[in-house]
């Protein structure tokens, strides 16, 4: 992946920034002061946003097939500007950021069935892992991303026949354990743990994904096991999660699980066909403190359903 950070002018410490190989290069955006902009309801900053995409294409990097842009281009009607500049866009549903505030757990635990491209407005959401700063939490997520970037946050649902439980896996982030069997259509919608981006707007609570209310009472919520560690062996990974939320209901104390182990092959997405949710199996272990889960591709005609 290549790119650069576009600025209006070169910063005073540009030399020091160029020496830091961990930072992307700096590019100066073209002057747009003479560019006509007659849309009354828009902002002139939209011109510069559009020109940035044109400038990126003009860099003419070799062996580049795609230039990724977020849904912000549509919000500022920038799509039309880019068309006039001769830059073609391909609309890919799901490849965009979600503007939310507060606790983004619900979105991360039930991410839509599309690859994760970016986490947006990090400064407006809580740290994505408990007991960590925002920076440490992101670094923790990157441990899993570096092992299997295409599988990160991919949600898998399976049922524990032994105890009639529902297991929801968000790979690289968390495992949610429901102490009862829940139909698949009721598990997939995103729990609204977050707040809407803008208040008062009639469309503020409307999202591009299905949502469901987050239970206010702790004992009505699933038990959450957050990412602890991940390792790669050959072309498969093993991920360990543990319960960091010390909220215990009576039914949960009886079961006693405190750790989860997940085994999954490295994911290689096929962009020539529509994505399909993977299946998983829950296996019994010698210890009642451990739950072993294996993620795999579903069979050709296999269904994800509650077992009687």
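Readers should treat all values here as calculations from the given coordinates under stated rules, not as data from a laboratory. Predicted, not measured: the structure shown is a model, and the values here were computed from it. In this analysis, Cβ positions are derived from the backbone assuming ideal geometry, glycine residues included, and neighbour counts consider all displayed protein chains.
Just a few scattered comments:
- Fewest-first ordering of 240, 226 by other beta carbons within 10 Å of each residue's beta carbon gives 240, 226.
- Residues 300, 30, 8, 192 arranged by fewest to most Cβ contacts within 10 Å: 300, 8, 30, 192
- Multiplying the residue separation of residue 33 and residue 199 by 0.36 nm and removing their Cα-Cα distance gives an extension gain of 56.5 nm.
- Cα gyration tensor shape of segment 112-235, rounded if a/c is under 1.5, else prolate or oblate by comparing a/b with b/c: oblate
- Residue exposure sequence - 178, 173 - by fewest surrounding Cβ within 10 Å: 178, 173
- Fully extended contour minus Cα-Cα distance, from residue 57 to residue 184, at 0.36 nm per residue: 41.4 nm
- Pairwise label distance in nanometres, residue 142 with residue 285, each label 7 Å out on the Cα-Cβ vector: 2.9 nm
- Segment residue 232-residue 9, length gained on full extension (0.36 nm per residue, minus Cα span): 75.9 nm
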